[in-house]
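Encoded as structure tokens, the structure appears first; notes follow it.
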Amino acid sequence: MKAFGFLSFGHYADVPGSATRTAGDMLRQTIELAEGADELGVNGAYVRVHHWARQAASPMPLLTAMAARTKHIEVGTGVIDMRYENPLYFAEEAAALDLIADGRIALGVSRGSPETALRGYEAFGYSDAEDTERGGVMAREKFAEFLRAIDGERIAPGDPRAVGEGRYLAIEPQSPGLRDRIWWGSGSRASAVETGTLGLNMMSSTLVTEATGQPFHVLQREQIDSFREAYREAGHTRVPRVSVSRSVFPLVSDQDRAYFGLRSEQSHDQIGIIDGLRSTFGRTYAAEPDALIDELRRDEAVMAADTLMLTIPNQLGPEYNLQVLESFAKHVAPALGWKPNTEGPVEGYAV
């Protein structure tokens, strides 16, 4: 592990105990959290994307504001659901964001997670004629077009009256090197291999769609190894990035123990069904800093990834979440190999 950031689901609800009652609260607090994390030396500020729910849903305005208000921290998503995107408009937005952020972005993209709406992407005007994977075919086709667009491929036929005969046009703006900052959200070994073959970066979440009896972190480490092997065999020469997500809470105050102390005694991997697949879900880490260091060092996937995303309880408010990030930065991260954002952009491990 070289770097860490926070991953916010962007929950909001007008319920007792929540510091995030409205969508406006959530958006402003996420920007505030990114600013504070940037000052602490945290390397990344990432947001989940969920449609049809009281959670963060439209990441580009939020990421743009976060990038404009910070200096060093990387801003990104985990993940944008391609089923809901117009690939060419998304390519324009991504390039504009990349230029505003001066390359400090990590856009995680995938088919998306299960949602509350039934085929909600169809209400957005998109349908998949080959819906064998609940929109998975369409998502991959759209993503391929998105990659062509950000690579500068001339896609649209030009009007001869404006540009001359036989000319095709690329989307604008273009941001050089943007493809190097695109990640695919991978939940299986098969998708990890596909991601490596395409030469992208890989985001792996708090679950894998396998349940072999092996610990979650071992399954995820095997996924990372498969990604890197495929990347190398495909002949890519860039050093790719890999991130994993975990719920991690250093217990350094009475408030921490009140919120998360019981999890230190109860936490373990879980087996469940997601999208019809038997899956393994990772545990929550909550312990005193020295114990936390030992536990995370034994987590093979955390130590194999260059970036650790800490899932945060955003409804507890930015002040408390900044305390969590500061505790991790002071008491845990240095022992795992962390380098603060002031030391420059994060680099992956060579394959």
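Quickly run through region 284-298 and pick out the residues that are assigned to a helix (DSSP H, G or I) and of a type outside the set (A, V, I, L, M, F, W, C).
289, 290, 294, 295, 297
When the residues of region 34-45 are filtered to those that are buried (at least 24 other Cβ atoms within 10 Å of the Cβ) and in contact (Cβ under 8 Å) with a residue 60 or more places away in the chain, which remaining residue is nearest to residue 346 (Cα to Cα)?
The qualifying residue nearest to residue 346 (Cα to Cα) is 43.
Output the residue which, of all residues in region 1-41 that are in a loop (DSSP other than H, G, I, E, B) and of a type in the set (Gly, Ala, Ser), is farthest from residue 75 (Cα to Cα).
17
If the requirement is being open to solvent by 30 Å² or more (accessible area, probe 1.4 Å) and more than 22 Å from residue 12 (Cβ to Cβ), which of these qualifies: 88, 147?
On inspection, the qualifying residue turns out to be 88.
Does region 145-159 contain at least one residue that is in a strand (DSSP E or B) and more than 21 Å from residue 186 (Cβ to Cβ)?
So far as region 145-159 goes, yes, one or more of its residues are in a strand (DSSP E or B) and more than 21 Å from residue 186 (Cβ to Cβ).
Applying the selection to region 46-79, what residues are closer than 18 Å to residue 314 by Cα, among the charged types (D, E, K, R) and either under 14 Å from the mean Cα position of the chain (by Cα) or part of a strand (DSSP E or B) (or both)?
Result: 48, single match.
In the list 154, 167, which residue meets the criterion of being touching a strand residue (DSSP E or B) at 6+ places or on another chain (Cβ under 7 Å), open to solvent by 30 Å² or more (accessible area, probe 1.4 Å) and at pLDDT 95 or above? Outline the logic, then answer.
Numbers: 167 fails: touching a strand residue (DSSP E or B) at 6+ places or on another chain (Cβ under 7 Å).
Answer to the selection: 154.
Would you be able to tell me the number of residues in region 80-108 that are in a helix (DSSP H, G or I), under 27 Å from residue 128 (Cα atoms) and either in contact with a strand residue (DSSP E or B) (Cβ under 6 Å, 6 or more places away or on another chain) or not charged (D, E, K, R) (or both)?
The qualifying residues number 9.
Can you confirm whether region 96-111 contains a residue that is at pLDDT below 95 and under 28 Å from residue 4 (Cβ atoms)?
Yes, the conditions are met somewhere in region 96-111.
Assess whether residue 302 counts as being under 20 Å from residue 283 (Cβ atoms), under 19 Å from the mean Cα position of the chain (by Cα) and either of a type outside the set (A, V, I, L, M, F, W, C) or at pLDDT 95 or above (or both). Break it down into steps so the answer makes sense when it comes.
Values: under 20 Å from residue 283 (Cβ atoms): yes; under 19 Å from the mean Cα position of the chain (by Cα): yes; either of a type outside the set (A, V, I, L, M, F, W, C) or at pLDDT 95 or above (or both): yes.
Criteria met by residue 302.
Of the residues that make up region 61-84, is at least one among the acidic types (Asp, Glu) and either over 18 Å from residue 243 (Cβ atoms) or surrounded by fewer than 24 Cβ atoms within 10 Å (Cβ to Cβ) (or both)?
The answer is yes, given that some residue of region 61-84 is among the acidic types (Asp, Glu) and either over 18 Å from residue 243 (Cβ atoms) or surrounded by fewer than 24 Cβ atoms within 10 Å (Cβ to Cβ) (or both).
For region 293-311, how many residues are surrounded by 22 or more Cβ atoms within 10 Å (Cβ to Cβ) and touching a Ser or Thr at 6+ places or on another chain (Cβ under 6 Å)?
Matching residues across region 293-311 total 3.
For region 325-348, give me the residue count where each residue is touching a helix residue (DSSP H, G or I) at 6+ places or on another chain (Cβ under 8 Å), aliphatic (A, V, I, L, M) and crowded, with 18+ Cβ neighbours inside 10 Å.
4
Hey, among the residues in region 132-144 that are assigned to a loop (DSSP other than H, G, I, E, B) and open to solvent by 30 Å² or more (accessible area, probe 1.4 Å), which one's modelled with the highest pLDDT?
Restricting to residues being assigned to a loop (DSSP other than H, G, I, E, B) and open to solvent by 30 Å² or more (accessible area, probe 1.4 Å), the top hit is 134.
Could you check region 180-200 and list, in sequence order, the residues that are within 16 Å of the chain's Cα centre (by Cα) and more than 16 Å from residue 140 (Cα to Cα)? Spell out the reasoning first.
So the first thing to find is which residues in region 180-200 are within 16 Å of the chain's Cα centre (by Cα), and the list is 180-188, 191-192, 195, 200.
Matches in region 180-200: 180, 181.
The values are calculated or read from the model by the stated rules, or taken from the named source; none is laboratory data. Bear in mind the structure is a predicted one, so any value in this text is a computation, not a measurement. Methodologically, a virtual Cβ is constructed for each residue, glycine included, from the backbone with ideal geometry; neighbour enumeration extends over all protein chains shown. Heads up: the accessible areas ignore ligands, DNA and RNA and are worked out on the full protein's heavy atoms, side chains in. Shrake-Rupley method; radii C 1.70, N 1.55, O 1.52, S 1.80 Å.
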